[in-house]
Amino acid sequence: MKQDDLDTLVISAVRYALGRMSYVVGDVARIAATADISQRARDVIIRDLGEAIDRDDLARLEGKTPLGGGLPLGMDYDRKEWEHLLRDLRSRG
């Protein structure tokens, strides 16, 4: 598989899984953490996760809940998966 194709797949999977509340969050976070993606792809995912965490922080301050899609990162355990991935990707840069 070409590098650009792998990068596109991983970025797309992360974007798809953001806000989901299911096993897919952990699976996608694990794949993104272990895939041999380029620094450009890591930077895109870092940016996307940072923006999603900021939106989630604001929603939580406003008292929103994950039910009905009120929290951009889903349940607390989903958010923890994304925060862990963000720390991991930042530590590689």
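Only residues that are of a type outside the set (Lys, Arg), within 16 Å of ASP78 (Cα to Cα), without any contact (Cβ under 8 Å) to a residue 40 or more places away in the chain and assigned to a helix (DSSP H, G or I) were counted across segment 15-48, and they come to 8.
Can you find, within segment 47-93, the residue that is farthest from the chain's Cα centre (by Cα) among those that are loosely packed, with under 11 Cβ neighbours inside 10 Å and among the small types (Gly, Ala, Ser)? Among them, the one singled out is GLY63.
Residue count for segment 11-44 under the criterion of being farther than 16 Å from GLU83 by Cα, within 12 Å of the chain's Cα centre (by Cα) and open to solvent by 80 Å² or more (accessible area, probe 1.4 Å): the result is 1.
The values are calculated or read from the model by the stated rules, or taken from the named source; none is laboratory data. The shown structure was predicted, so the numbers you read here are calculated from the model rather than taken from an experiment. Positions of Cβ are backbone-derived with ideal geometry, glycine not excepted, and every protein chain shown enters the neighbour counts. Accessible surface is based on the protein model in full, side chains and every heavy atom, while ligands, DNA and RNA are left aside. Shrake-Rupley method; radii C 1.70, N 1.55, O 1.52, S 1.80 Å.
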